[in-house]
Each structure stands twice: as structure tokens, then as C-alpha cells.
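The values are calculated or read from the model by the stated rules, or taken from the named source; none is laboratory data. Note that the structure is a prediction, hence the values are computed from the model and not measured. As a convention, Cβ positions derive from the backbone with ideal geometry for all residues, glycine included, and neighbour counts pool all protein chains shown.
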Amino acid sequence: MRQSELDFTNNLRQASPYIAQHRNKTLVLYLPGEFISNLKALQQLCKDVVLLHNLGIKVVLTLGASPQIDATLNRHHLTWQTHQNTRITEANHLPYFQETIGGVRAQVEAAFSQASAEQKSHITIVSGNWVIAQPKGVIDGIDFQHTGTFRKINSAIQNTLDGGQIALITPLAYSLTGEVFNLNTRDQAFAIASALSAEKLMIFTSADTLLQLPKSLSLTETAALAQTPSLAIEAQRLLQSALNSGRKINRIHLMSQDMPSALLMELFSREGCGTLIYTDRYHQLRRAQLDDVMGILNLIQPLQQQGILTTRTQASLELEIDHYWVLEIDHRIIGCAALYPIDANHAELACLAIDPDYRGQSLGEELLNAIQTKAKHSGIHTLFLLTTHTQHWFIEHGFIEGTPAQLPKQRQAYYNNQRQSKVLKKSL
């Protein structure tokens with residue numbers, strides 16, 4: 001089999017669990033105006049959204065248009081004010097907003113028509129007055145005039161999604177009294193995803209913003225990072241929006257607007273290519289089951305080959321699986337550890353391993369804490385471990401160096417003198 005064929009089959013195998021997980025789920029996607037102005041990127045993105053639709057994913061597309069609106073106002077020699085990084089929309093500017101946003105919407109619809117025709121899908125993309133707006137009001141003595149905020153979303157949008165159509169939402173929305181308001185569509189995307197309890201919110205942003213953010217963040221980590229003084233304003237606003245609106249959205253993905261293919265990589269690969277803010281538990285820590293044996297083997301075999309871990313066979317793991325705990329992400333075992341009782345007061349920690357792709361995220365510490373908690377609840381007073389390579393890490397976590405002679409007699413009989421493992425112990 002050629003390498004290209006192997007790559008294809010391996011990628012398809014990796015993507016297949018995610019395809020199954022996302023089917024019939026709702027995804028809200030935010031496209032900034034800068035992205036839409038790149039015709040090549042827009043056409044590629046539309047092809048990918050058509051693909052998502054064909055895989056059974058319900059898509060709500062929210063459009064930004066700030067650079068296009070700026071260009072229109074400048075062309076007509078009009079100036080505007082901002083307050084709190086938000087544009088103040090004057091009544092006499094509204095016709096230019098409507099003209100520009102209508103053009104942006106037509107551009108997106110045309111790109112979708114082309115993408116649908118190429119894939120012979122004939123998907124309908126539909127705009128509607130689903131979003132109910134309200135005035136932003138007067139803040140710090142500044143009247144925002146026709147700048148509005150999200151009030152609620154009409155439940156009829158669900159009928160559109162259930163009917164197999166893509167919902168398209170622009171920055172213009174209307175109040176119940178018929179007034180027209182200009183909304184910040186990224187803030188609107190957060191509000192819509194929250195109102196719809198969307199499985200995912202996918203946001204394209206600048207590559208410079210992503211450079212300041214790690215690969216993944218919990219809400220707790222997001223709150224801490226948002227207070228970092230050196231963080232750029234754009235990154236701070238994104239993180240604050242996630243904190244304000246993210247608790248009803250399972251996962252928020254931030255992607256570079258310079259990478260239109262980032263959408264598929266974020267959805268269908270383990271590593272992704274942007275930043276993930278997870279409001280659900282991104283990884284699961286649990287007791288191991290027989291179904292986990294092969295996953296544990298795949299994790300520890302490279303370490304066994306390097307002599308870092310002692311050899312464990314499939315048969316031995318199956319017999320001892322009740323002693324193991326695992327960390328799992330999307331049905332993939334990324335960490336494991338075992339707790340073996342020695343006697344009523346002593347136990348051994350063994351086989352602690354973390355997938356190299358996930359190191360540096362304190363997952364080893366989380367596993368160690370889980371093992372220690374289990375040992376304490378079982379009445380264990382002293383925890384032992386044997387290691388040939390990682391004694392410094394364990395010493396940093398409260399273990400002290402001992403000798404083989406300090407092991408309980410039942411364990412001394414199995415000490416391998418050829419490996420010359422370091423003996424570490426910790427009082428619980």
C-alpha cells in the first residue's frame with residue numbers, strides 16, 4: 001500500500017469516532033469579515049461546511065462584516081465613534097450597514113451555491129429574523145444608538161436546522177418594535193450557541209491572538225489567563241466572552257482565520273490546530289475496565305521497549321485490570337496508573353504513564369492524586385514505588401528515597417536486582 005493510501009486510511013480511522021459523535025449535533029460557526037474578504041478561504045470553508053452538513057451536523061453560520069462596513073463608511077467620508085471597543089451605530093449610517101451586510105451575505109450565499117453544486121448536495125442556506133435584539137443603551141453617559149445586543153432567539157430556527165438547512169445570521173437584527181440594530185456578531189455567536197445549547201462554538205480569529213493562548217483551557221484556567229496584564233485586548237475579550245457565555249456550550253474552539261482547513265482539523269483530529277476551551281470535562285479519570293487493556297498496552301509499550309517500565313503482557317493486564325486507573329480523551333487512553341495493595345498498611349504505585357502528546361498538562365499529577373486518595377480511603381499508610389528514570393518527579397511530589405530493605409517483606413521477594421530500581425516511599 002502506498003504512503004498516500006496509508007495516510008488516507010489512518011486519517012479516516014482517526015476521524016470516524018468524531019463523525020459519529022457529532023452527528024445530529026448543533027455547531028455554531030463565526031466568520032469574521034476578514035475571513036470572508038478572502039475569496040479563496042471562503043470557498044474552501046463553504047466546501048467544508050457542506051461536508052459537515054452531509055455528515056449530519058447542524059450548522060448555524062454567523063457573519064462578521066467590520067472591515068467591509070469600515071470601507072463603505074470611509075468611501076462615503078463618514079466617521080464613527082467607539083466606546084468600550086464597540087462601534088456606535090448612528091441612524092444615518094444604517095442604510096450603509098444594510099447595503100454592505102447584504103453584499104456580504106450575497107457573497108457567502110454564492111460561495112455556498114458553488115460548493116453545493118460541486119458536491120451535488122443542493123443545500124439551502126437560509127437567513128431569517130430569528131434573533132431578537134434590544135438596544136445596548138446608554139453606558140457611561142454614551143448613547144450607543146442603533147448598536148444592539150442579543151435578547152433572545154426565535155425557536156423557529158430549530159425547525160430550519162431540523163429541516164436540513166443551514167442557518168445564516170448577519171450583524172443586523174430587529175427588536176420587537178421593528179427597530180433595526182447592529183450587533184457585534186462574535187458576541188452574538190456566543191449568545192446563540194448558549195441559547196441553542198450548541199455542542200460546539202467554532203470561532204475564527206487572528207493567528208496573533210492564538211499565539212498567546214495554549215492548546216486547551218478549562219474554564220478555571222480561562223478565568224486565570226483572562227486576568228493576565230500582558231494578554232492582548234482581543235485575546236482578553238475572547239476569554240471573557242467564553243466565561244460569560246460558555247457554561248452552556250460544551251466546547252469552544254478558537255481557530256486561525258489564516259487556515260480555512262482548521263475547521264475540519266479541529267473537529268476530526270485528536271490534536272486539532274487551535275485552542276480548545278472546554279466547559280465539560282475534556283478528559284475523564286476513571287477505573288479501568290477490560291475494554292481498556294489494549295489502550296493501556298498501546299500507551300506503555302514504547303516505555304517498556306525503552307526499559308522505563310517493566311514488561312506487562314495483555315494476559316497480565318487482564319488479570320490485574322481492577323488495580324488500574326486510566327485517563328481517557330474521546331475514547332483514547334492517554335494515561336494510566338496502578339495501585340497494588342501489599343498488606344493492610346502498605347501499597348505500591350506502579351505503571352504511571354502519560355501519552356507524550358499530552359504531557360505538560362499536569363495529568364500525571366492528577367493520576368497520582370487519584371491513586372493517593374484511593375490508597376488513603378483503603379487505610380493505606382505508606383505508598384511505595386520503584387522507578388529507574390523518574391525519581392526526581394516523584395520526589396517533587398512528596399516521595400523520599402528509600403532502600404529495597406525498607407520494602408515490606410512480601411514485596412522484597414519480588415525486587416529485581418538486575419534493574420536496580422530506585423525505591424521511593426511516601427507517608428499518606
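Below is a table of values for the structure above.
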{"quantity": "Test: residue 333 is β-branched (Val, Ile, Thr), touching a Gly at 6+ places or on another chain (Cβ under 8 Å) and either in a loop (DSSP other than H, G, I, E, B) or farther than 30 Å from residue 40 by Cβ (or both)", "calculated": "yes"}
{"quantity": "Index of the failed condition, residue 64 passing every other in (1) more than 17 Å from residue 183 (Cα to Cα); (2) surrounded by 14 or more Cβ atoms within 10 Å (Cβ to Cβ); (3) in contact (Cβ under 8 Å) with a residue 60 or more places away in the chain", "calculated": "(1)"}
{"quantity": "Residue 351 being in the same structural domain as residue 373 (by TED's automatic domain parsing), on the phi > 0 side of the Ramachandran plot, without any contact (Cβ under 8 Å) to a residue 60 or more places away in the chain and part of a strand (DSSP E or B)", "calculated": "yes"}
{"quantity": "Unique match (being of a type in the set (A, V, I, L, M, F, W, C), in the same structural domain as residue 26 (by TED's automatic domain parsing) and modelled with pLDDT of 90 or more) among 235, 315, 288", "calculated": "235"}
{"quantity": "Test: residue in the stretch 81-91 that is modelled with pLDDT of 95 or more, within 18 Å of residue 178 (Cβ to Cβ) and surrounded by 14 or more Cβ atoms within 10 Å (Cβ to Cβ)", "calculated": "yes"}
{"quantity": "Residue identified as buried (at least 21 other Cβ atoms within 10 Å of the Cβ) and of a type in the set (Val, Ile, Thr) among 228, 220, 205", "calculated": "205"}
{"quantity": "Failed item in (1) within 20 Å of residue 312 (Cβ to Cβ); (2) in contact (Cβ under 8 Å) with a residue 12 or more places away in the chain; (3) under 30 Å from the mean Cα position of the chain (by Cα), with residue 384 passing the rest", "calculated": "(3)"}
{"quantity": "Filter result for residue 303 (in contact with a strand residue (DSSP E or B) (Cβ under 8 Å, 6 or more places away or on another chain) and assigned by TED's automatic domain parsing to the domain that holds residue 207)", "calculated": "no"}
{"quantity": "Residue within the stretch 385-395 that is of a type outside the set (A, V, I, L, M, F, W, C) and in a strand (DSSP E or B) present", "calculated": "yes"}
{"quantity": "Long-range neighbours under 8 Å by Cβ, at least six apart or interchain, first residue more than 14 Å from residue 275 (Cα to Cα) within the stretch 223-248, second assigned to a helix (DSSP H, G or I) and of a type in the set (Lys, Arg)", "calculated": "241/186"}
{"quantity": "Flag if residue 15 is within 20 Å of residue 202 (Cβ to Cβ), free of Cβ contacts under 8 Å to residues at least 12 places away in the same chain and part of a helix (DSSP H, G or I)", "calculated": "no"}
{"quantity": "Odd one out for residue 373 among (1) part of a strand (DSSP E or B); (2) surrounded by fewer than 14 Cβ atoms within 10 Å (Cβ to Cβ); (3) β-branched (Val, Ile, Thr)", "calculated": "(1)"}
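Yes/no per residue for (1) among the basic types (Lys, Arg); (2) within 30 Å of residue 47 (Cα to Cα); (3) touching an Asp or Glu at 6+ places or on another chain (Cβ under 7 Å):
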| residue | (1), (2), (3) |
| --- | --- |
| 102 | no, yes, no |
| 111 | no, yes, no |
| 120 | yes, yes, no |
| 129 | no, yes, no |
| 143 | no, no, no |
| 170 | no, yes, no |
| 179 | no, no, no |
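Residues are listed down the side, and each one gets a yes or a no for (1) in contact (Cβ under 8 Å) with a residue 24 or more places away in the chain; (2) assigned by TED's automatic domain parsing to the domain that holds residue 214; (3) within 29 Å of the chain's Cα centre (by Cα):
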position	(1), (2), (3)
345	yes, no, no
355	yes, no, yes
369	no, no, yes
399	yes, no, no
411	yes, no, no
